[in-house]
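Asker: This structure is in structure tokens; I'll ask about it shortly.
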Amino acid sequence: MTRRIFRLALAVLALSACQREDRTARPSPVGLESREEVALVVLSPGESQPTVRTSGKAKEFEGNAYHLSQGKKLFTWFNCSGCHAQGGGGMGPALIDDRWIYGGSIENIVQTIREGRPNGMPSFRGRIPDDQIWELAAYVRAMSGNAPSSAAPSRSDSMHPHPAENRTSPSPPVSGGIVPPSGQMPQ
Amino acid sequence: MPAKNFASTRYSELTEITPENVKNLRVAFTFSVGVNRGQESSPLVVGSTMYVLSPYPNILYALDLAKPGAPLKWQYNPKPEAAAQGVACCDVVNRGPTYADGHLFFNTLDGTVVSVDAATGQEAWKSKVGNINVGETMTMAPLVARGKVFVGNAGGEMGVRGWFQALDQQSGKVVWKAFNTGPDKDVLIGSDFKPFYDSDKGQDLGVKSWPPNAWEQGGGTVWGWLSYDPDLNLVYHGTGNPGPWNADQRPGDNKWTSGIFARDADTGQARWFYQWSPHDLYDWDGINEQVLLDMTWNGQPRKVLVRPERNGYVYILDRTSGEVLSAKPFHPITTTRGVDLKTGRLQYIPEKKPHVGKVMRDICPNASGAKDWSPSAYSPRTGFLYLPHANLCMDVEHMEANYIAGTPYLGSETRMRAGPGGHRGVYTAWDVAGERAAWSIKEAFPVWSGTLVTAGDVTFYGTMDGWFKAVHARTGEILWQFKTGSGIIGQPTTYRGPDGRQHVAILSGVGGWPGVVVSADLDPRDGTGALGFLNAMRDLKDVTTKGGMLYDFALP
């Protein structure tokens, strides 16, 4: 009897220890977008950090293997790779380095994809569903090693000679980055 | 104009600088253009004023050569849309302004043609002809003739539809516009159209040589050089690569891409067309310069057009008919067997055709070609065409391309590297009549600058590691060199200044397709970056930094 209870307890324990990734089977429709109130700078008058309010959606996507691999696929499908290559950049800036012109948090990247940025990044609002923007942003962070190696994609189908994302050594975003001076300001 | 004359010879009659005294050249003055991106432009001298145009944001400066140090007279800022930077395939370059009748004409990156009063710097007109939301930019130097400003678009990597148009010189209004894909009425093909080869004859080939509607995103842009023959009243322009790069998605000859049109300058009606690379497989834009010469060919006097082409051959065409007289290789070639002079057709080697899902290795020349935009110069004294060019090969893998307007339309991943010998650049003197190279100088990096040759038998070019070099036009001996602040990809200019001396001027500032690794801070760990050029240019960051400086030299 005790043995049976013990076995049962063990089975319950074993099952509860088996933590599966959860994700919403049906992502929210195109019309909805998460609200990310984030700053692009560390400077805020009199405060140690700017005021930031995020939706918390980051947790759902960062470190989630399914979303990261979807992001990797979408990175090619939405032609991100046409400008940013496999992270080295070209028409757009490099993404495997540690410099983040418009912020390196997942919320910053979501905003960059959604709003566009003034020196050439197009705005994809209304073109890419919200959840796919998050998948892309999570993957973009993985490109510079900013995703757990247990979740990051482990193989590349491209000719990119750089190691796959799960073997990329982490290169944490440099605060603020630098803006490459592409030109003289209009007078 | 940047090409010196309508025939685009870049030959100067000045003789003060000679192989004997060129070693005494000194810096006369310098000027910072204030923009640290690729400087592909050409300084332009009219009277006692020098005009210098920067890359995006395309600021035009006038320098007073009559005063010591050539101080700034005025500057004009067209304030182009910053977002245009995101659809410029290969750095935010500009290939120069053009002067005619008291005005300067140039294109801005966001697709605007501008006319500025040369004396005052006041804007005469601005004409918006390109749309960045479909990926159109403008980087070429306009040509002005017959009261018209001839311009074309860029964006062959973004699935744009290439066009060439004439604007009224006085008002900036469009006089005619010719597309390079689509139905004959859009291409301005009518009863005057008499191509030399049968493969270019037929109705609406710009539609029929494509899968349904693929011509709408078919490329065939005009971002390179124009020449004009006043006697024939024909303007010559090349057409860029077809889109997408993945050729499996566009079976057919893909007219009228990767070719050359001769058009009536007044009406735009096509007179003839020749396709350098039918159904282009390797991004071989056909937009290089056409040098117009009158020469004896097989005992007959012929009006010819010499074209060093991206696919690796120097072509000699009859410029009245479009007949190919000669096509001889100047670069190691693994992809084609030559040009059949009967049909005019480039002979591809089928085993070297890239396919979806397979890496095709050792493609020579590479995507940027044996020779890209960097214009050559011709000296009637030596009979040599001075060719700045590359020595590059590549590996390619194709995949399905998705068309999303205003984003890259490629379906291709590329990895470039040095060709046989390990050097990436060559400066060749090509004996036009002899159809062979007379001599050549190997360079570590692709020679991306333009060149010029003078009646003093001196040629000038620059290297991507910053050297500005003077070469003996007959022997290829390097006579003098000067290390500028950044890599050179610009076009040299020579002129007689108000001081009575012969000067040579060049913009220094690395960039362009091979140099964008430096000018846009790319990460060289990814060899597929910059459309695959990063793989061949990893070490450029070790030898040069960004710049934007004009250097002017004269004898003491």
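Asker: For chain B, what does the helix formula give at 222 nm: sum of -39500 (n - 2.57) over DSSP H segments with n ≥ 4, over the residue count, nearest 500 deg cm²/dmol?
Answerer: Taken over chain B, the calculation gives -500 deg cm²/dmol.
Asker: Do any residues of the stretch A:110-158 show a loss of at least 40 square angstrom of accessible area between the isolated chain and the full protein assembly, using a 1.4 Å probe, and if so which?
Answerer: Correct list: A:ASN119, A:GLY120.
Asker: Additional query: I'd like the Kirkwood hydrodynamic radius of the stretch B:394-514, using the inverse of the mean 1/r over distinct C-alpha pairs, in Å.
Answerer: Computed over Cα pairs of the stretch B:394-514, the Kirkwood hydrodynamic radius comes out at 16.8 Å.
Asker: Then there is this: Compute for the stretch B:163-313: radius of gyration divided by Kirkwood radius, i.e. Rg/Rh, restricted to C-alpha atoms, rounded to two decimals.
Answerer: 0.97
Asker: Another question, then. Can you pull the mean other chain C-beta count within 10 Å for peptide A:73-85?
Answerer: Per residue, the number of nearby Cβ atoms from other chains is 5 on average.
Asker: Once amide H atoms are built 1.01 Å from N in the peptide plane, which residues 5 or more positions from B:LYS148, or in another chain, come under 5 Å H to H?
Answerer: Residues meeting the criterion, in which the H sits 1.01 Å from N, are B:GLN169.
Asker: Report, in debye and to the nearest 20, how large the dipole of the protein assembly as shown comes out about its Cα centre when Lys and Arg carry +1 and Asp and Glu carry -1 on their Cβ.
Answerer: For the protein assembly as shown, the charge dipole is close to 940 debye.
Asker: What are the extents of the Cα atoms of the stretch B:246-340 along their three principal axes, in Å, largest first?
Answerer: Per principal axis, max minus min of the Cα coordinates gives 42, 37, 20 Å.
Asker: Let me ask something additional. Calculate one ³J(HN,Hα) per residue across the stretch A:115-132 by plugging θ = phi - 60° into the Karplus curve 6.51 cos²θ - 1.76 cosθ + 1.60, and present them in order as whole Hz with x for glycine and proline.
Answerer: Along the stretch A:115-132, the couplings run 8, x, 9, x, 9, x, 6, x, 8, 9, 4, x, 9, 10, x, 3, 5, 6 Hz.
Asker: Per residue of the stretch B:506-517, what does 6.51 cos²θ - 1.76 cosθ + 1.60 with θ = phi - 60° give for ³J(HN,Hα)? Whole Hz please, x for Gly and Pro, Karplus curve as stated.
Answerer: Computed from phi, the couplings for the stretch B:506-517 are 8, 8, 10, x, 6, x, x, 4, x, x, 5, 4 Hz.
Asker: A follow-up question, please. For chain B, with equal point scatterers placed on the C-alpha atoms only and solvent neglected, what are the log10 I(q)/I(0) values from the Debye formula at q = 0.07, 0.11, 0.13 1/Å, to two decimals?
Answerer: -0.34, -0.91, -1.34
Asker: Over the stretch B:254-310, what per residue volume does the convex hull of the Cα atoms give, in whole Å³?
Answerer: Taking only Cα atoms, the stretch B:254-310 has a hull volume of 107 Å³ per residue.
Asker: Another one. So for each of B:63-70, A:88-95 I average, over its residues, the number of other beta carbons within 10 Å; can you give me the resulting order with the highest mean first?
Answerer: A:88-95, B:63-70
Asker: Buried accessible area between A and B (1.4 Å probe, both chains summed, ligands and nucleic acids excluded), in Å² to the nearest 100?
Answerer: Summing both chains' loss of accessible area gives about 3000 Å².
Asker: Sticking with this one: Longer than 19 Å from Cα to Cα, which of B:LYS442/B:LYS546; B:LYS126/B:LYS148; B:LYS194/B:LYS255; B:LYS23/B:LYS371; B:LYS23/B:LYS469 are they? Say none if no pair is.
Answerer: In this structure, B:LYS442/B:LYS546; B:LYS23/B:LYS371 lie more than 19 Å apart at Cα.
Asker: Still on this structure, please answer the following. How much of the pair distance distribution for the stretch A:101-144 lies past 17 Å, counting alpha-carbon pairs only, in percent?
Answerer: Looking at the stretch A:101-144, the distances longer than 17 Å represent 23 percent of pairs.
Asker: If the cut-off is 15 Å between C-alpha atoms, which aspartates and glutamates fall inside it for B:LYS358, apart from same-chain ones fewer than 8 positions away?
Answerer: A:ASP157, B:ASP248, B:ASP395, B:GLU397, B:GLU400, B:GLU413
Asker: Taking a probe of 1.4 Å, how large is the accessible area per residue of the protein assembly as shown, in Å²?
Answerer: That works out to 37 Å² per residue.
Asker: Further, regarding this structure: Got a sec? Charge dipole of the protein assembly as shown, +1 on Cβ for Lys and Arg, -1 for Asp and Glu; which of A:GLY87, B:ALA473, B:TYR313 is way out at the positive end?
Answerer: A:GLY87
Asker: Shifting gears a bit: Under 5 Å between amide H atoms, partner at least 5 residues away or on a different chain: which partners does B:ARG302 have, H built in plane at 1.01 Å?
Answerer: It is B:MET295, B:THR296, B:TRP297, by chain and number.
Asker: Continuing with this model, one more query. Once you average over the residues of A:90-101, how many Cβ atoms of partner chains fall within 10 Å of each Cβ?
Answerer: Taking all residues of A:90-101 together, the mean is 6.
Asker: I would also like to ask the following. What are the principal axis extents of the Cα atoms in the stretch B:432-473, in Å, biggest first?
Answerer: 32, 23, 14
Asker: Give me the percent of accessible area attributable to carbon and sulfur for the protein assembly as shown, probe 1.4 angstrom.
Answerer: So the carbon and sulfur contribution to the accessible surface is 52 percent.
Asker: Enumerate the aspartates and glutamates that B:LYS177 could reach by cross-link, defined here as Cα to Cα under 19 Å, with residues fewer than 8 away along the same chain left out.
Answerer: B:ASP110, B:GLU136, B:ASP168, B:ASP186, B:ASP192, B:ASP204, B:GLU216, B:ASP264, B:ASP266
Asker: Mind ordering B:83-96, B:435-448, B:470-483 by average Cβ neighbours within 10 Å, highest first?
Answerer: Sorting B:83-96, B:435-448, B:470-483 by mean packing, highest first, produces B:83-96, B:435-448, B:470-483.
Asker: Next question. For B:LEU452, which sequence-distant residues (separation of 5 or more, or a different chain) have an amide H within less than 5 Å of its own amide H, given hydrogens modelled in the peptide plane?
Answerer: Under 5 Å from the amide H of B:LEU452 lie the amide H atoms of B:PHE460, each far enough along the sequence or on another chain.
Asker: Mean 1/r over all different Cα pairs, inverted: what Kirkwood radius does the protein assembly as shown give, in Å?
Answerer: 26.7
Asker: Using a 1.4 angstrom probe on protein heavy atoms only, which residues from the stretch B:520-540 are buried by at least 40 Å² of accessible area when all chains are present rather than their own chain alone?
Answerer: By number: B:ASP521, B:LEU522, B:ASP523, B:ARG525, B:ASP526, B:THR528.
Asker: Work out which residues of the stretch B:386-404 lose at minimum 40 square angstrom of accessible surface when the other protein chains are put back, relative to the chain isolated, with a 1.4 angstrom probe, and list them by number.
Answerer: Residues of the stretch B:386-404 that lose at least 40 Å² of accessible area once the other chains are added: B:ASN402, B:ILE404.
Asker: Which ³J(HN,Hα) values in Hz, rounded to whole numbers, follow from the phi angles of the stretch B:297-304 under the Karplus curve 6.51 cos²θ - 1.76 cosθ + 1.60, where θ = phi - 60° and Gly and Pro get x?
Answerer: Here the 3J(HN,Hα) series is 10, 6, x, 9, x, 10, 8, 10 Hz.
Asker: For the stretch A:21-160, max minus min Cα coordinate along each principal axis, in Å, sorted largest first?
Answerer: 48, 35, 31
The values are calculated or read from the model by the stated rules, or taken from the named source; none is laboratory data. The shown structure was predicted, so the numbers you read here are calculated from the model rather than taken from an experiment. Cβ: placed from backbone, ideal geometry, glycine included. Neighbour counts: every protein chain shown. The area values use the complete protein model at the heavy-atom level, side chains included, leaving out ligands, DNA and RNA. Shrake-Rupley method; radii C 1.70, N 1.55, O 1.52, S 1.80 Å.
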